[in-house]
1. For segment 238-293, state the semi-axes of the equivalent ellipsoid (square roots of 5 times the eigenvalues of the alpha-carbon gyration tensor), sorted largest first and rounded to whole angstrom.
2. Go through Lys231/Lys278; Lys231/Lys351; Lys315/Lys342; Lys167/Lys244; Lys138/Lys206; Lys206/Lys278 and tell me which ones have a Cα-Cα distance over 25 Å in this structure.
3. In whole Hz and in residue order, list the ³J(HN,Hα) couplings for segment 84-99 that follow from phi through the Karplus curve 6.51 cos²θ - 1.76 cosθ + 1.60, θ = phi - 60°; x for Gly and Pro.
4. Quick one: helix 303-316 against the long Cα principal axis of the chain, what's the angle to the nearest 10°, folded into 0 to 90?
5. Any chance you could give the angle, 0 to 90 degrees and rounded to 10, that helix 6-29 forms with the longest Cα principal axis of the chain?
6. I need to check one value: relative contact order of segment 157-286, counting alpha carbon pairs closer than 8 Å and at least 6 residues apart, in percent.
7. Treat each spin label as a single point 7 Å out from the Cα along the C-beta direction, and report the Ala22 to Asp247 distance in nm.
8. Taking Cα atoms, how many degrees apart are the long axis of helix 253-265 and the longest axis of the chain, rounded to 10 and kept between 0 and 90?
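What follows is calculated from the coordinates using simple rules that are stated; it is not laboratory data. A quick note: this is a predicted structure, and the numbers were derived from the prediction, not measured. Using ideal geometry, Cβ is built from the backbone for each residue, glycine included, and neighbour counts are taken over all protein chains shown.
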Amino acid sequence: MVVPSLALVLLQTAAGSDAVTAAAHSRAENSSLPVSDRGQAYEELIRSNPSNASLYAGYAALLLANRAYTRALTWIEKGLAKTPSDGGLRLRQAIALHALGRHQESLRILEGLPASGESRFYMGLDWRSLGDHKSAQKYLGEAWDLGLRDPYALYSLIEEDHALGDKASGLRHFRWFLTAFPDSPWLHVLYADAYAQKDNDPEARKEYEEALRLKPDLPAVNFRLGFLLYKNGEYLPAAERFRKELDLNPSYSDANLFLGQTLRNLGREQEAIVYLRKAVALDARSEHAYQALVAVLAECGDLEGALEILRMAEKEFPADPAFPAQLARVLTRLNREEEALKEQEKFRALKQLERTRETKR
């Protein structure tokens with residue numbers, strides 16, 4: 001009996017290990033496999049080579065593409081623990097944070113990265129979400145100048161031109177769009193937006209529907225179509241559109257808000273409360289979200305719950321007389337007369353302050 005040498009045993013083991021690794025790479029990159037199978041392959045590869053940043057980046061890209069943002073962030077952070085200066089992982093971290101509605105955190109990361117079309121694009125989107133249209137326009141324009149030729153990026157830039165009333169830039173960028181992307185579904189969205197701004201809802205609906213027929217996962221378009229349906233009192237199809245939007249972007253505050261309002265109009269108050277609570281959690285500066293949630297809690301007889309939300313709203317909007325007025329009514333229903341009187345006094349003082357300011361104008 002021949003006993004194999006130690007060297008031969010080691011060679012055979014290495015060859016077997018290489019074959020296993022190659023098979024895992026093949027599964028990870030096979031787009032025909034389910035995401036769960038590809039994810040398992042990535043995790044096998046990472047266990048075998050935990051310092052390889054490209055494996056974490058590849059896995060994160062897969063998760064981001066399938067909207068598993070929280071899981072993507074977890075794996076990105078594991079990768080950054082091994083290679084903290086890796087720019088590709090830092091960019092993906094910013095993208096995941098943007099998708100989760102954590103725009104300030106996303107911006108802090110992007111500001112520390114080298115300028116690229118992709119990094120500037122997400123800076124523009126973050127600033128847009130934060131309501132700074134001037135900064136959004138600036139960085140979306142830089143993304144185009146740095147070579148990012150993406151129809152959504154150019155569409156977003158045109159949106160910021162409109163928000164700023166910059167007609168010259170809007171017209172120039174629209175011409176660029178027609179030249180670069182004549183067959184893009186985003187062109188239908190541009191037409192739909194124009195119709196909606198002119199209150200031509202039937203034509204706007206047609207264009208949004210055509211855009212979604214061409215590409216069902218366009219961001220924010222299901223929401224806009226749902227809003228038109230909501231305005232027209234078509235609550236069931238509106239709810240379907242808002243749900244589709246939330247499948248794509250769970251952190252979209254307005255989609256949660258309007259789905260909650262729609263469900264309330266359909267008499268499904270307990271479901272409505274779930275989405276309205278999410279809307280408040282996602283956007284603490286949405287007065288409408290607080291008011292809608294308080295209204296449905298009160299309708300359901302949860303006055304203590306309504307009181308809690310109103311206290312939160314009053315802290316966020318100390319100069320708004322609407323919240324002490326609502327608080328006074330809820331406290332009266334709870335037979336807490338002394339507290340109700342204090343809120344009534346606060347309401348009167350704030351209203352007087354409003355009148356004084358209007359007189360000075």
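1. Square roots of five times the eigenvalues give 15, 14, 8 Å.
2. As for pairs spanning more than 25 Å Cα to Cα, those are Lys231/Lys351; Lys167/Lys244; Lys138/Lys206; Lys206/Lys278.
3. Each residue of segment 84-99 in turn: x, 9, 5, x, x, 5, 5, 5, 5, 4, 5, 5, 5, 5, 4, 5 Hz.
4. For 303-316 against the chain, the angle is about 80 degrees.
5. 30 degrees
6. 13 percent
7. With each label point 7 Å from Cα toward Cβ, the separation is 4.0 nm.
8. The angle comes out at about 60 degrees.
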